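Colleague: To start, I am sharing the structure in question, which I have written as structure tokens.
The values are calculated or read from the model by the stated rules, or taken from the named source; none is laboratory data. Only a predicted model underlies this, so the values are computations on that prediction, with no experimental measurement involved. Here Cβ is always computed from backbone atoms with ideal geometry, including for glycine, and neighbour counts include all displayed protein chains.
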Amino acid sequence: MCIVKLDRDFNILWNRSIYSSGYTIGKYIIGTNDGYIILGAIQPYKGTFMQGAAISLSVNGNIQWKTLSNFGYNKGRSILIYGIETQSNAIIASGYGGHNYAVLTKINKNGKIEWKKSFSIEGSNSAIYSILEVSKGRYIVPVFIDNFSKEKGMLSIYMINEYGKTLWNKTIDLENCQIYRDDSKNLFIVASKDKITLFTYCSKGKTQLLMISLKRY
């Protein structure tokens, strides 16, 4: 994995390589108050499963810490694909692990995992591509589900607090309208004073815009 920082004229300021005896994958970069968090996956040794990875770099590109975990709970590869820095300077990161688990984890500013959660439905693939902190310590987490056993997709929306506890959950069946895991990157969340609106795309013969609005509390 190679990370390159460019200035506004595309001149290289620095580049760093993350080495492993296996494979490395970079998927997302979070800009923080004191540097960058690289999310992805690292295979510690050839022949082993990929592990979800969070790597902290200083503003000058020096590695500050590296956190690896099998978020699939020993059921296959894991990868982190999206994340945010919270108002308390922690990282909430998401992705998928095992064969069909959506995963969510909180990592503190020193690289320690404080908690991790998984979301799965038998016969489905699921993943989390977006997170929104709607107030300090409260996060909206939409879990997209490819349901192979039914001709419909599902969107399960969670409100989660800073300790990983689910405050409420709303699952929406999308009749004959499938949201595929790899397409769910096209998700936008807007929070107003009293409601949360999600915009995404789904397939029903042709691609169409889907809008879901929920009360905030």
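Colleague: For the range 136-165, what are the residues that are modelled with pLDDT of 85 or more and more than 14 Å from Ser94 (Cα to Cα)?
Modeller: Lys136, Gly137, Arg138, Met159, Asn161, Glu162, Tyr163, Lys165
Colleague: If only one of Ile55, Ile30, Ile107, Ile63 is at pLDDT 90 or above and either farther than 21 Å from Cys2 by Cβ or touching a Pro at 6+ places or on another chain (Cβ under 9 Å) (or both), which one is it?
Modeller: Ile107
Colleague: Cβ-Cβ below 7 Å, separation at least six or inter-chain, first residue in the range 147-168 and under 17 Å from Ala127 (Cβ atoms), second at pLDDT below 75 and among the polar types (S, T, N, Q): which pairs?
Modeller: Going by the 7 Å Cβ cut-off, the qualifying pairs are Asn147/Ser124; Phe148/Ser124; Gly153/Asn147; Gly153/Gln178; Met154/Asn147.
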